[in-house]
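Each remark here refers to the structure printed beneath this line.
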Amino acid sequence: MIKAVLFDVDGVLIDSFRANYLFYKAIAKDANINVSRKEYEKHFGRSLMDSINIFFPKENKAKKLKRWKRYANSYHKFHKYVRLNPNAKRILSYLKGNYKIGIVTSRVNCDVLRERGIDFKMFDVIIMAKDFKKSKSHPEALLKAVKKLKIKPNEAIYIGDMKEDVGAARNAGMKSIILGNRVKGTYNITNLKQIKKHL
C-alpha cells in the first residue's frame, strides 16, 4: 500500500531545462569550454558538484567546495527561465489529502518553487543536495526521505524523469513513475494528473 509520493523537481514539478542549460554553460565558460545544447542533453539532471567535477577534475576538494558555494549562490539569476508544470499545484493539492508527499532532489535549494506559488508547508519531507552525499542512482536520498516519514521504502513511490531516478527508486526498493518516455520506469505517464491511477 502506497503511503507517500516523493517528487523529483527538475523535469517533473518544473521545466528547468533552459535555465539549467544556461547555468551549466556559464560554469563551462569558467573552464574555457563551450557547451552546445545537444551536448548538455547528455548531462541534464546532474548535480552541481557532478558538473564541477566534469569541468574542474584536477582541482582539490577545498577549491571545488568553494566553487560549489559560489555557483549555488548565483543560480537565482537563472530562475526567470524556469516554468512550473501546469498540473503541479493541482496534483499536489489532490495528493496532500490522501498521502504524505515529499521532495527528493539534487537541487541546492527549491526557492524557485516557492516563487511560483508552491507552499513548502504542504510537503512532509524535503531532501535536497545538502542532505546526502551520494548522487542518484544511489538510494541514499530516497532512503533518508522514507526514514523521516517513518515508512518502509515499498510504501513510497518516486516521481522522476531520468534513468537516475529509476535507478535510485529501484535501489531503494520502491516503484517509480516516470514523466515522459526518456526512460522506462515502473510506470510511465505523459501528464502529472495520471499519477492517480498508479497509486
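Screening the range 78-105 for residues that are in a loop (DSSP other than H, G, I, E, B) and modelled with pLDDT of 90 or more and picking the one that is surrounded by the fewest Cβ atoms within 10 Å (Cβ to Cβ) gives 86.
Residues in the range 115-130 that are over 21 Å from residue 161 (Cα atoms) and assigned to a helix (DSSP H, G or I): 115, 120, 121, 122, 130.
Could you check how many residues of the range 55-77 are surrounded by 12 or more Cβ atoms within 10 Å (Cβ to Cβ), over 24 Å from the mean Cα position of the chain (by Cα) and not in a loop (DSSP other than H, G, I, E, B)? Result for the range 55-77: 1.
The condition (being surrounded by 16 or more Cβ atoms within 10 Å (Cβ to Cβ) and assigned to a loop (DSSP other than H, G, I, E, B)) is satisfied by just one residue among 146, 108, 112, 166: 108. Answer with yes or no whether residue 134 is at pLDDT 95 or above and more than 26 Å from residue 79 (Cβ to Cβ). The answer is no for residue 134. When each of 176, 137 is tested for being touching a helix residue (DSSP H, G or I) at 6+ places or on another chain (Cβ under 7 Å) and farther than 27 Å from residue 68 by Cα, the lone residue that passes is 176. Residue 196 meets all of the listed conditions (1) under 17 Å from the mean Cα position of the chain (by Cα); (2) assigned to a helix (DSSP H, G or I); (3) touching a residue at least 60 places away in the same chain (Cβ under 8 Å) but one, namely (1). Among the residues of the range 127-140, the one identified as among the aliphatic types (A, V, I, L, M) and surrounded by fewer than 17 Cβ atoms within 10 Å (Cβ to Cβ) is 128.
The values are calculated or read from the model by the stated rules, or taken from the named source; none is laboratory data. Keep in mind it's a predicted model, so treat the numbers as computed, not measured. Heads up, the Cβs are rebuilt from the backbone with ideal geometry, glycines too, and the neighbour counts pull from every protein chain shown.
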